[in-house]
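Notes to accompany the following structure.
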Amino acid sequence: RAKHEGRNTYRLFRTEMNQRDHQQLALETALRNTVESGEGLEVHYQPLVDRDSGEVQGAEALLRWHHPEFGQVSPGTFIPLAERSGLILPLGEWVMQRVAAQLMAWRQAGLSPPRVAVNLSARQFWQRGLVERVAELFEAYQLPPGQIGFELTESVLLDHQQEAVELLHGLRELGCRIAIDDFGTGYSSLSYLQDLPLTTLKIDRRFIQRLTGEESQRRGSAAIVAAVTGLAQELGLRVVAEGVETEAQLAALSRYPVTLIQGYLTGRPVDAETFAGRYLQAGEKVRGS
Ligand code: C2E
Ligand code: MG
Ligand code: MG
Ligand code: MG
């Protein structure tokens with residue numbers, strides 16, 4: 001009887017193991033191999049631009065993966081896969097090290113790179129020894145305090161708030177900026193904004209895009225952007241508007257206390273060499289005076 005049930009379960013498994021699952025498995029295997037060799041991985045950098053001065057005040061590190069068979073795989077596909085499989089830990093370590101090495105290379109070439117923010121998934125944030133590892137990297141690559149910062153989503157911090165406060169303090173002591181990413185899309189509990197030692201709030205791009213979208217969405221998004229930027233200002237947090245693609249969106253943001261703009265309008269994510277050529281020459285400005 002047990003055998004019989006087992007067989008049924010297996011058949012069910014087989015039928016439900018559809019093409020999508022097979023592809024996921026193939027992707028996961030490919031990602032595992034990629035993480036081991038490092039081949040096909042690259043960090044791109046997207047500028048964060050001061051709205052008023054047009055100066056590049058920072059950059060976000062965004063991982064890119066090119067596979068010989070699957071081609072360019074989007075982070076929206078492989079990051080969740082990496083999180084589920086645990087590969088995010090070696091992958092995240094690769095990114096941090098790559099960014100640290102790049103920053104050192106730029107500094108040694110006489111350039112003055114801005115602070116670079118690295119995205120951290122929950123498992124990376126909660127891995128043992130994160131603060132020590134970051135301190136080690138700063139030392140090994142001779143980086144000034146805070147040269148690398150981090151972006152986290154709300155859900156990561158809300159799960160264990162007290163522990164999160166301690167971890168964040170550790171990172172802040174190394175000078176690191178801490179941004180809440182995709183703000184407004186998660187639980188959006190407001191009290192933690194006061195309790196956590198944050199520096200930056202990044203308004204999710206869906207709100208920015210709705211500012212100039214359909215009439216029915218415009219007013220609601222404007223209210224949210226007004227509330228969020230006002231709150232951030234009162235709390236002394238910098239505000240980044242994510243996903244600004246058009247002059248109209250930039251104009252719609254003009255009435256709100258937004259510090260920084262990040263989006264295709266001011267600069268797409270580009271490889272390190274392109275980033276240096278465009279943004280790291282003396283006195284370079286992206287827009288404005
Ligand atoms: P994110 O951290 O919110 O990063 C911003 C995303 O918005 C990036 O997508 C960026 O390319 C995109 N973006 C920037 N400006 C615009 C714009 O004007 N319009 C539009 N439509 N999109 C814009 P990307 O590079 O595909 O990354 C997606 C997500 O993958 C990131 O969202 C982040 O959550 C995750 N991710 C990327 N790299 C890493 C990494 O190294 N580690 C971890 N843990 N997650 C990463
Ligand atoms: Mg981010
Ligand atoms: Mg974001
Ligand atoms: Mg995101």
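The values are calculated or read from the model by the stated rules, or taken from the named source; none is laboratory data. Only a predicted model underlies this, so the values are computations on that prediction, with no experimental measurement involved. Cβ coordinates were reconstructed from backbone atoms using ideal geometry, including for glycine residues, and neighbour counts include every protein chain displayed. Remember, those area values only see protein heavy atoms, side chains included, never the ligands or the DNA or RNA. Shrake-Rupley method; radii C 1.70, N 1.55, O 1.52, S 1.80 Å.
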Practice task
For region 58-112, give the magnitude of the charge dipole about the Cα centre (Cβ charges: +1 Lys/Arg, -1 Asp/Glu; no others), in debye to the nearest 20.
Solution key: 140
Problem - DSSP bridge orientation in the chain - percent antiparallel, rounded to nearest 5 - result: 45
Handout entry: Cβ-based charge dipole, the chain, positive-most Cα from Met104, Gln209, Gln23
Key = Gln23
Exercise for the section: Using R₀ = 41 Å, calculate the FRET efficiency as 1/(1 + (r/R₀)^6) where r is the Cβ-Cβ separation of Glu173 and Glu42; round to 0.05. Expected result: 0.85
Fill in the blank from the handout: Row for region 58-202, column shape: gyration tensor on C-alpha, a ≥ b ≥ c, rounded if a/c < 1.5 i.e. under 1.5, prolate if a/b over b/c, else oblate; value oblate
Handout entry: Residue order for Ile224, Ile261 - accessible surface, 1.4 angstrom probe, largest first
Key = Ile224, Ile261
Problem - Ranked order, Glu83, Glu242 - accessible area, probe 1.4 Å, largest first - result: Glu83, Glu242
Completion exercise
Expressed in angstrom and rounded, the centroid-to-centroid distance over alpha carbons for region 32-74 and region 123-167 is 19
Completion exercise
Measuring from the longest principal axis of the C-alpha atoms of the chain, the long axis of helix 75-85 (C-alpha) lies at a number of degrees, nearest 10, equal to 50
Practice task
First measure r as the distance between the Cβ atoms of Val165 and Leu190, then evaluate 1/(1 + (r/R0)^6) with R0 = 22 Å and state the FRET efficiency to the nearest 0.05.
Solution key: 0.85
Exercise for the section: Out of all DSSP beta bridges with both ends in region 51-163, state the antiparallel percent to the nearest 5. Expected result: 25
Completion exercise
As a Kirkwood estimate from alpha-carbon pairs, region 19-69 has a hydrodynamic radius in angstrom of 13.4
Problem - Shape category assigned to the chain from the gyration tensor of Cα positions, a/c cut at 1.5 - result: prolate
Practice task
Mind checking the per residue accessible area of the chain for me, 1.4 Å probe, whole number of Å²?
Solution key: 52
Problem - Dipole in debye (nearest 20) - region 117-187, about Cα centre, beta carbon charges: Lys, Arg +1; Asp, Glu -1 - result: 100
Completion exercise
Computed over the chain: longest principal axis from alpha-carbon atoms vs helix 88-108 long axis, angle to nearest 10 degrees, is 30
Fill in the blank from the handout: Placing +1 on each Lys and Arg Cβ and -1 on each Asp and Glu Cβ in the chain, then taking the dipole about the Cα centre, the residue among Val131, Phe78, Leu250 whose Cα reaches farthest towards the positive end is Phe78
Fill in the blank from the handout: Restricting to Cα pairs under 8 Å and 6 or more apart, the percent relative contact order of the chain works out to 20
Completion exercise
Gyration tensor on Cα atoms of region 165-289, a ≥ b ≥ c root eigenvalues, a/c under 1.5 rounded, else prolate if a/b beats b/c, else oblate, says oblate
Fill in the blank from the handout: Within region 123-226, DSSP-loop GluC sites (Glu not before Pro) with at most 10 other C-beta atoms within 10 Å are Glu214
Practice task
Report, to the nearest whole %, how much of the accessible area of the chain belongs to carbon and sulfur atoms, 1.4 Å probe, protein only.
Solution key: 47
Handout entry: Listed residues Gly236, Phe150, Ala222: farthest to the positive end of the dipole of the chain (Cβ charges)
Key = Ala222
Problem - Cβ charges +1 (Lys, Arg) and -1 (Asp, Glu), total dipole of the chain, debye - result: 600
